[in-house]
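The values are calculated or read from the model by the stated rules, or taken from the named source; none is laboratory data. Everything quoted here is computed from the prediction, not taken from an experiment. Note that we place each Cβ from the backbone using ideal geometry, even for glycine, and neighbour counts take in every protein chain shown.
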Amino acid sequence: MHIDPNPLRAGIGAALTTLALSAPFAAAQFYGDPPDETHPWAVHDGNRPQPPRVEPGAKPGGAPSDATVLFDGSAESFAANWVHENDKRKADWTVADGNLISAKGGGYIKSKGEFGDCQLHVEWAAPSKVEGSSQGRGNSGIFLGGGATEVQVLDNFDNPTYADGFAGSVYGVMPPEANPLHGPGEWQTYDIIFRRPIVKDGELVDPGSQTVIINGVVVQADTPLEGGGGHKGRSNPLRMFPEKGSIKIQDHGNPVRFRNIWIRELRPRPIDGGTDGQLSPEATAAKRAEIAAEIREDAETKSGKDKMLRLMESLVYAHDDAAQAEAEALGEAWYDAVAAAPDGKKGEVMQVNNALKYMVKHKRLPADHEGVLAVAELIKAQGWDQ
Ligand code: MG
C-alpha cells in the first residue's frame, strides 16, 4: 500500500485517529472528529489520559484521598497547618472537643500552605446562644486568594443584614442565591470552588470566580470576583491575586466553631497553562507535538502493521517525515503479504480499511488514493463486503 504523502503532510489538522491497539481505550479507534486548531485531542480520543483515581471520603463531606486536611479536630493538626496572623493579638484561637474556636482579639488565622484554584470544604457553627444582630451575630469568614476575597460566615438563620454581607455572600460583591442555613449552634457545611482572577499585561483575561454550596444548596455559581470585594469599597477588577495564597479565617469577635477543613487544588485552566480543554492555536500545536512524540515512542515497541498504524496515528497530531516514510514502507509490506495470502486476514484488513475510510471522510486522503482503492478491491474480491 502506498500512502500519498501530500494530504498527510497538509494535515497537521489531520486525520488518522486512535488506531493504536495499545491505546488505553481502544474502542475509540477511528471514531470521533480528529484534533483541530484549538482541540489537541480527538473526540473520544483513546490516547487521552484516564482520570486519576481519587478515593472519596468515607462519609459525605469526608476528605477525599488527594485532599490536604487542614483541620481534623486535633490540636496537632491546627498547630501543623495554621498560624495566627497578628503578632500583637490579645487571645489565641483554641481547639476543644474536636472544634477550632475563634477567639475575640485573636485576629485572623492563616494556613501555612498556599493554594491556587481550589475546592475547599469547611464546616462551622455559630454560637447557640444568640447575641448581637446583623453583622454582629456569629460573624467570621473564609478568605481565599491569600485574603483577597471573603466568603462570609454569619448567623443569618433569623437575622437580616445587607444582602451582599449575608452568609455565603462573596462579601461586598454578590449576595447568596438563597439562605439555606441551619439554626444557631448547628453545623453548616461550606463547599467552595475558587478560581483566582488572571491579569496579563494589565488586562483582565479571566475575572476569577467562586462557587459556594451551603448545606448542599448552591448559593454562588461561578460568581465573577470583581477584584475580590471587601468592606464598603469596590475593588479594582485588575487587582492581582497571588498565584497561590493562604486560606484565612476571620476573627470578628464572635466565638464561631470550625471542624473538618480540607482542600484540593484544581487542574489549571487553559488560560493558566492547563492543557485540557479548548486551547489557543499555539498551545494546541505544542500539545499535539507532545502527544505525537509519545505515540511515536510507543510505536517503537511494536512491529509490522501495528507499528504502521501507530505511526500513522501520530501524524494525526503532528507531522514527521521519518514517521511518515516508515509508515508507508510498513504499509506496502503489509499489503503485499495480505494480498498474497488473504485467508484468515479479514479482521486486520477491515481494521486498516476502517482507518482509511476515516481518513477519506476527514479529507486527509483522497477517495481515489491508491492504497484506499487497493484495500477496498481486496475486500470486494474476498466477499468481505457482503
Ligand atoms: Mg466576616
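What to note about this one:
- Given (1) assigned to a helix (DSSP H, G or I); (2) out of contact with any Lys or Arg (no Cβ under 8 Å at 6 or more places or on another chain); (3) modelled with pLDDT of 95 or more, index of the condition Lys305 fails: (3)
- When Tyr335, Tyr317 are checked against the criterion of being surrounded by 16 or more Cβ atoms within 10 Å (Cβ to Cβ), touching a residue at least 24 places away in the same chain (Cβ under 8 Å), more than 22 Å from Asp45 (Cβ to Cβ) and hydroxyl-bearing (Ser, Thr, Tyr), a single residue qualifies: Tyr335.
- Matching option when the condition is modelled with pLDDT of 95 or more, closer than 22 Å to Ile193 by Cα and in the same structural domain as Glu243 (by TED's automatic domain parsing), among Gly98, Gly105, Gly116: Gly116
- Among the numbered conditions (1) out of contact with any Gly (no Cβ under 6 Å at 6 or more places or on another chain); (2) modelled with pLDDT of 95 or more; (3) surrounded by 15 or more Cβ atoms within 10 Å (Cβ to Cβ), the only one that Ala221 does not meet is (3).
- Within region 361-375, being crowded, with 17+ Cβ neighbours inside 10 Å and assigned to a helix (DSSP H, G or I) holds for Gly371, Val372, Val375.
- Evaluated against (1) surrounded by 15 or more Cβ atoms within 10 Å (Cβ to Cβ); (2) without any contact (Cβ under 8 Å) to a residue 40 or more places away in the chain, Ala163 falls short on exactly one condition, (1).
- Boolean, Val212 is in contact with a strand residue (DSSP E or B) (Cβ under 7 Å, 6 or more places away or on another chain), at pLDDT 95 or above, within 16 Å of the ligand (Cβ to nearest atom) and farther than 21 Å from Gly107 by Cβ: yes
- Restricting attention to region 157-171, the residues being more than 15 Å from His231 (Cβ to Cβ) and either among the β-branched types (Val, Ile, Thr) or touching a helix residue (DSSP H, G or I) at 6+ places or on another chain (Cβ under 9 Å) (or both) number 2.
- All of Gly277, Gly273, Gly230 fail the test of being modelled with pLDDT under 95 and under 30 Å from Gly183 (Cα atoms), apart from Gly230.
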